[in-house]
Structure formats: C-alpha cells, structure tokens
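Before any comments, here is the structure.
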Amino acid sequence: MPTIPSDLSEKPSGKRPKRLKALIKKEVLQMLRDPSTFLISIFLPILLLFLYGYGVSLDLNHLRIGLVLEDTSPDVQSFAQSIRDSRYFDTNIVHDRKELTDSIMRGSIRGFIDVPSYFTSFRHRSDRIAPIQVIADGSEPNTANFVQNYTQGVFQNWMQQEVLTRNFHGYPRINPEPRYWYNEELESRFFLLSGALAIIMTLIGTLLTAMVVAKEWERGTMESMMSTPVGIGELVLGKIIPYFFLGMVSMAICAFISVWGYHLPMRGSWWALWLISAIFLFTALGSGLLISTMAKNQMVASQIALIVAFMPCYILSGFLFEIYSMPFPIQIFTYLIPAKYFVQCLQTIFLVGNVWPMFLYNMAIMLAIGTILLILIARKTVKRLD
C-alpha cells in the first residue's frame, strides 16, 4: 500500500505555524534590505527627540521688552535693576514712551513697562507702591500673557525685597508662595519629550506599516502572496509581529535617550512603560494595516496616514494643546484618538509615577480600539486581486 508523504499527510492547521514563521522571516529580510525602514524607525525618532529636546520650547526666557523710566529716583533705579537682572527679559531702557511706540509696532519688542513720573511721590504721600503700566503686543496672545505674568512676578519680588531692606510697611501681609508638583522647575522640555514619544510611536506604527504594505502592492509581491495558501490571519500577524518588535526597540532607544540624555525624570515603572507602549503600538499597527487595505500606492498611503493618524495625534492628543480648551464637539472627537490615552499615560509615568487606575482605564480603551481595527482589517482584506 503506497504511503502518503509526511508533508502531504499533515493537517492544514499544522502548517500554519510554519507559514507564519516564513512570513515573519520574509518581513524581517525585507526590513533589512530596505534602508528607509531604519531611517523611519531609528533616525527619524532620534531627530524628533533632538528637535523637541533642544529646538522646541514653550518657555520664553529672553523676551525683548522696553522699560520707560519717567522717574529716576533710587527706588525706580532699584526696580529697573530687578528687570535687567531677570533672565526672562532683554531690556531696552528709555525715558520717553514715544521712543518705543514704533518698536512695538514693528514687532522688535513684545511690550514695555512704564514707570510713571509720580512713582516716588505717590509712595511718600500714601505709603503705598504706585501702580506701573504694562503694555504688551496682543497680536501674539501667549507672548503677551508671558510679558504680563513675568512683569508681575518681578514686581512682587522687588516689593518683597523692599520690605526686607527698608521695612516698608505698606506691603501686603499675605505673601503667596506657589509650589509646583511633578514638574517643579516648569520645564516645558519634559512635557514635550514625554509627548513626543507618542508622535514617534504613531509614525512607526502607522506610517511605516501602511507604506511597507503599499510598497508590496506596487512591486507585485502581494499578488504572489495572495496565490499561496496563506490565510488572512497569518498575513496580518506576519505583518504586525516584525514591526511590533521594531517599534518596541525604537521606543526603548528613545526612552533611554530621553531619560539619560535629556534628563527627563522617570518616576514610574519601566514595566508599566513597556506594557502601555506595547498596547498603543498594537493599535497603531492596526491603523497602518487598515490604511494599507484601502491604499495600494505609497504616496496615497502616506497621505492618508498623515491625515488620519499623525495630525490627530499631534493636534488632538493633548500633546501641545490643552483638550479642555477646545470646542466641545472637538473634545468629544478626541475620545476616538488612541494617542490621547497614550500621551496621558506617558506624561504620568515620567513626571508623576504609577497611577494604575488611570493606566488601566486608558489601556482598556486602546485595546478596544485596536481590536475594532483588527476586525475591520479581517473584513476588508480578501484574497482576490480586483
């Protein structure tokens, strides 16, 4: 009786691990042959970290302002010295405010402080500090707020010094002393770096995966794969697993550079960081594969990835803009953005610590979104070439 070869007698289900292993090996070899893969996954994240670590800052430490001294008494000179010594201001001192009108109109200064001519006499008559006037360029509202707030801070410090040195009794008895938790020095760099990791993971998970699959359609290798016994589930896993590990390696590199290179505090657990990053990467990879099922051209896939994934992550995740300051309909829409939950977790891990109730809530939502994306991929991906 003729025997059946072992490879033919094996059940179809027994070949699935072999096919999956072969697909993963093929994908790894393709990554090694394609320099753009490592350009996007390694070089681009390091470049973004450099830009957000050194080039981008929400802190304004050298505001160009003018200082109008209509009074030249010792008290006014003392206040002027406090303005000059402040690291927040680059000060141009004049004695007539008309000299600064053209400067603020041209934008060469962002505002000016006017110390009135009655500053000293007002103090002697009423035993109180005379008011000063702060004029700020309102065409840039954030910068104008900085001018106002920084001036108020310098003025309050100068008044406190007056109390200590001259026993000035008109100074208020209640002196507020603010304390900042989690980011005590108010370094915007820490806020930006923790959020930039979400941008990096979105780029790797969504943009890279969408473009790689679209490239296979352009080269014709996807048609060849469709003619094999490979199932839809094996095809999806064969794409997700290699890029999942590549994304986690990129995340590890970026996290270590942020902590030891840019001194980003790490107050939470590294294990929590890897777990939350893995869940978000699973969601991002699902977004990239879903895009690849709709676009079979690299240019189209990259444009869709930027519009659907990158731009919402950059604008609507709370990375740069406070969500609660957005219009209510936009706030509702942000609940559909996986990066929103990832940014919250990252900023908490690095700057606050382990807050597991919040972590579990955000991870559950990211898992739900990722599962929905995989279901859509399974329904949209069919083994036909039309």
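The values are calculated or read from the model by the stated rules, or taken from the named source; none is laboratory data. Worth saying up front: this structure is predicted, and the values here are computed from it rather than measured. Cβ sites come from the backbone with ideal geometry, for glycine too, and all protein chains shown count toward neighbours.
A few comments on the model shown:
- Met211 vs. criteria among the aliphatic types (A, V, I, L, M) and farther than 22 Å from Met311 by Cβ: no
- Residue among Ile204, Ile279 that alone is out of contact with any Ser or Thr (no Cβ under 9 Å at 6 or more places or on another chain), of a type in the set (Val, Ile, Thr) and under 30 Å from Ile330 (Cβ atoms): Ile279
- The sole residue among Ser86, Ser9 that is of a type in the set (S, T, N, Q) and either buried (at least 18 other Cβ atoms within 10 Å of the Cβ) or modelled with pLDDT of 85 or more (or both) is Ser86.
- Note on segment 279-311: residues that are of a type in the set (Val, Ile, Thr) and modelled with pLDDT of 90 or more amount to 2.
- Scanning segment 226-236 for residues that are surrounded by fewer than 16 Cβ atoms within 10 Å (Cβ to Cβ), touching a helix residue (DSSP H, G or I) at 6+ places or on another chain (Cβ under 8 Å) and part of a helix (DSSP H, G or I) yields Ile232, Gly233.
- Selection count where residues are closer than 18 Å to Val28 by Cα and not aliphatic (A, V, I, L, M), scope segment 193-219: 7
- Unique residue being modelled with pLDDT under 80 and not in a loop (DSSP other than H, G, I, E, B) when the list is Gln160, Gln152: Gln160
- Leading residue by the ranking (nearest to Ala255 (Cα to Cα)) among those in segment 44-68 that are outside any strand (DSSP E or B) and either more than 18 Å from the chain's Cα centre (by Cα) or of a type in the set (S, T, N, Q) (or both): Ser57
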